[in-house]
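What follows is a set of notes on a single structure, which appears directly below.
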Amino acid sequence: MCPFRRDESALPALLPDSGDALQRTILATVPDALIVIDEAGSILLFSDAAARMFGYATEEVIGHNVRMLMPNPDRDRHDDYMRHYMETGEAHVIGIGRVTRARRRDGSSFPIELAVGEARSERGRLFTGFIRDLTEIERAERRLNDLQSELSHISRVSAMGSLASALAHELNQPLTAIASYAEGARTLLGEAGTPPSEDIAMVREALAEASAEALRAGQIVRRLREFISRGESEKRVEKLRRLVTEATALAMTGTGQTGIDVEIRLDPAVDLVICDRIQIQQVLLNLIRNAVEAMQRSPRQSLEIRSRPARGGKGRAGLAEVVVSDSGPGLSPDMAAVLFQPFNTSKEKGMGLGLSISRTIIEAHGGRIWAEPSEFGGTAFHFTLERAEEPQDG
Ligand code: ADP
């Protein structure tokens, strides 16, 4: 006898007085994959659509842990997720739903939309999962995204191209002046011996002019950065949760990457911050896109965005610290040294402007931005923002 036959006596009645026949009909006809598990994670019900989607016969999964239907990292972590939920009531999926990946019998993984509900019965808590296969949608989306990113790249490149030529033109003047003042000073100093004192005076003048021109060149670059990060900022009280969820959705849509395990862990105690929403979303978008690009070839693709209270800041409310962590290869020492300086990039099509603009924006908000190794072995970018309310606990 098969050890994993459906244990009819253990099955919960889906509807009062429903009887086995009704339950069987529902399982056979419900168009989405439906899976019911108990609080230990054991599969109690597995609809026919689920059997088709995962390539398992119902008998092969009943009584087994639902982990078998997940690829890593969820497969190894699922027991911890369940335990965490049982102990704290903090849900990551239950009642929320998410886009994640599932694993077929043959080991291949595919994108799914998962909606999980919870019910209490005499057997303890039961969890119902409805699963939609997103393979086709993902394929269509990827085609669209390829097209979109191609288009946005082209428009970015042409905008940058005109910006760069304007910049080159503006910078050319002070740089030419610096070169000719330096050349003049060198000529005045002569080959050997002490030059006459009137020449020394002219050398001094030429050097003063050269340094004034160098400062002008510096101002042009500063103006450019202010222009890019939009000087006119509108600071308001904003909800971090909204900023982060919108920016994440936007960042992930543009990339066509759905194999990434995205986790958003925001501390509700630091939800209200003072900022220009669009600018901070620009920073988040830069950091998330960089993280996604860094993980392109990583076997494990984990992206986490979390927030927590931090000390400091001008106001009495203190700071909120936002951390964007990835499991990519981390920063090379060369890049780490010049990370926030403009025009440093390791990417073939990169501009090397994202982080420098992000720093300008965060500093204009009175905050700080920095990078550290992440707990997933990649990079974690941290930035701070002024909180809008005082902590309750003092
Ligand atoms: P760009 O993305 O156009 O190169 P950025 O200023 O956003 O410009 O990033 C500069 C460089 O910093 C990148 O080219 C990359 O080498 C490095 N970098 C940024 N974020 C990460 C990250 N999460 N992991 C590893 N390297 C990163």
Residues with amide H under 5 Å of Ser327's amide H, sequence separation 5 or more or different chain, H placed in the peptide plane at 1.01 Å from N; which? Ser302
Rg/Rh for segment 162-222: what does it come to with C-alpha atoms and Rh from Kirkwood? 1.15
Could you pull out every one of the lysines with an alpha carbon less than 26 Å from that of Lys314, ignoring same-chain neighbours closer than 8 positions? Lys235, Lys239
Output the peptides 244-250, 201-207 sorted from most to least packed, where packing is the average of other Cβ atoms within 10 Å over each peptide's residues. 244-250, 201-207
Footprinting proxy, Tyr181, Tyr81: sorted fewest to most Cβ within 10 Å, the residues are Tyr81, Tyr181
Proxy reagent accessibility, fewest Cβ within 10 Å first, across Ile361, Ile178, Ile264: Ile264, Ile178, Ile361
I need the phi-derived Karplus couplings for segment 326-335: 6.51 cos²θ - 1.76 cosθ + 1.60, θ = phi - 60°, integer Hz, Gly and Pro marked x. 10, 10, x, x, x, 8, 6, x, 4, 5
Can you tell me which of 112-119, 328-335 comes out highest on packing, and rank the rest after it, using the mean Cβ neighbours within 10 Å? 112-119, 328-335
Under the Karplus relation with 6.51, -1.76 and 1.60 and θ = phi - 60°, whole-Hz ³J(HN,Hα) for segment 296-313, x at Gly and Pro, equal 3, 10, 8, x, 10, 10, 10, 10, 10, 10, 10, 9, 7, x, 9, 7, x, x
Backbone HN-Hα couplings from phi across segment 81-86 [Karplus 6.51/-1.76/1.60, Hz, Gly and Pro as x]: 4, 5, 4, 4, 5, 4
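Bear in mind these aren't lab numbers, they're just calculated from the coordinates by the rules spelled out. This structure is a prediction, so every number in the text was calculated from the model and none was measured. Note: ideal-geometry Cβ built from the backbone for every residue, glycine included; neighbour counts use all protein chains shown.
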